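A quick write-up on the structure given underneath.
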């Protein structure tokens, strides 16, 4: 299981145009990782590459609404 920092590193390499195999091989050599760790990185990179992009947030949702109350103190 990769933490958020590790996933962000992989995401950065994907955004730069590296393929998942290249990312896994590079990080494996750079950090002297074992075969199982390299497979974990490669799998995570492919998952991130194939995941659906998040939906754009609804701009109108969650905005405060100002309600004016007419009248005064009696």
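The values are calculated or read from the model by the stated rules, or taken from the named source; none is laboratory data. All of these numbers come straight from a predicted model, not from anything done at the bench. Virtual Cβ from ideal backbone geometry, glycine too; neighbours counted across all protein chains shown.
Pairs please, first residue from the stretch 18-37 and within 16 Å of residue 48 (Cβ to Cβ), second anywhere and assigned to a loop (DSSP other than H, G, I, E, B), Cβ atoms under 7 Å, 6+ apart in sequence or on different chains.
Matching pairs, first to second residue: 27/33.
Just to verify a result, which residue in the stretch 2-18, among those that are assigned to a loop (DSSP other than H, G, I, E, B) and touching a helix residue (DSSP H, G or I) at 6+ places or on another chain (Cβ under 8 Å), is farthest from residue 44 (Cα to Cα)?
Looking at residues that are assigned to a loop (DSSP other than H, G, I, E, B) and touching a helix residue (DSSP H, G or I) at 6+ places or on another chain (Cβ under 8 Å), I get 18.
Give the residue that is modelled with the lowest pLDDT, with candidates limited to residues of the stretch 25-54 that are closer than 17 Å to residue 8 by Cβ and either part of a loop (DSSP other than H, G, I, E, B) or touching a strand residue (DSSP E or B) at 6+ places or on another chain (Cβ under 9 Å) (or both).
54
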